[in-house]
Structures are given as structure tokens and as C-alpha cells.
Amino acid sequence: MPSLIIEGVISCLLIMPPSVDSFRDFIDCREQYNKVEVVQEWIPLLQTYFKQEDVLQASLMVFCESTGRPRSYNNNTNGTQDIGLFAFNDTTWSWLEDKLKFTGDRRDPVLNTRIASWLFYNDGRGKHWYSSEHCWDYDF
């Protein structure tokens, strides 16, 4: 993982060396890599279930949805909860359990990531996390 962060810093510097005109872009790039650094413990798991070219985006999604806390939850105004690394909503989790014929706890990081990967590749590459897209949608 440290090499991913180092590559990120180098990438930011090479693509957009800090200057008066590009300073905001440089800061944005560094902020994205700082998010990845927060969730670095999950990189090996993400590499298991996501294609290499999607690991950075998946890392950002984990940061934006749960800050890397597998037991995180959010109570929604409609009475549902978003739970786990990828913050699966009660309704979405139920739909996926029926569709994919699995059972398990959304707080299980392996199951949560495996199901997130399936959803990412089979139903919209992130559309289920659109409410946090402003946080994770970044083109490196």
C-alpha cells in the first residue's frame, strides 16, 4: 500500500506540478490520496474483489461511505440504515440477498466488499453510491 500512496504523490506531481495556476488541482489530487491512505488497511481486500484499475475508486468509495469502519451505520430519515464498509442500505441489501441467494452480516468486511464488487461490475459501476459521488468520483 505505501507504494500506492507514493505513486499517487508522484502522479500528482508529474501530472500537475504545483504552480499558481494548477495549485487547486494539485491539492484536490493530494486530498484524494489522503482519503486512500485512511482506508489503506482494506486495500488487500479490495484488490481481491476489484480489478486493479478500480481499486483506487473502490478505496475512495470505502472512505466516503464509512471512513473504513466496517461497523459504521447511518440512520436515514425513512427509517432504513446504511451499514458496513460500502454502507449498504437495508433495501439494497435485502434485494441483493434475494437476487444473489446469500445470507450474512453487512458488517462483515469480506462479504460487504464481495457484494459491493458484484454490484459495481453488474449494476452501474457506482450508481448505487451516487449520493456520495461528489466524494469518490475523481479521475486520476
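The values are calculated or read from the model by the stated rules, or taken from the named source; none is laboratory data. None of the values given here were measured: they were computed from a predicted structure. As a convention, Cβ positions derive from the backbone with ideal geometry for all residues, glycine included, and neighbour counts pool all protein chains shown. Each accessible area value is taken on the protein alone, full model and side chains, heavy atoms only, with ligands, DNA and RNA left out. Shrake-Rupley method; radii C 1.70, N 1.55, O 1.52, S 1.80 Å.
I need the full set of residues from the range 24-37 which are at pLDDT 80 or above and surrounded by fewer than 14 Cβ atoms within 10 Å (Cβ to Cβ), in order please.
Glu31, Asn34
Go through the range 100-127 and give me each residue that's hydroxyl-bearing (Ser, Thr, Tyr) and either surrounded by 13 or more Cβ atoms within 10 Å (Cβ to Cβ) or assigned to a helix (DSSP H, G or I) (or both).
Across the range 100-127, the qualifying residues are Thr113, Ser117, Tyr121.
Could you tell me which numbered condition Gln40 fails, if it satisfies all but one of (1) open to solvent by less than 50 Å² (accessible area, probe 1.4 Å); (2) at pLDDT below 95; (3) touching a Pro at 6+ places or on another chain (Cβ under 9 Å)?
For Gln40, the failing item is (1).
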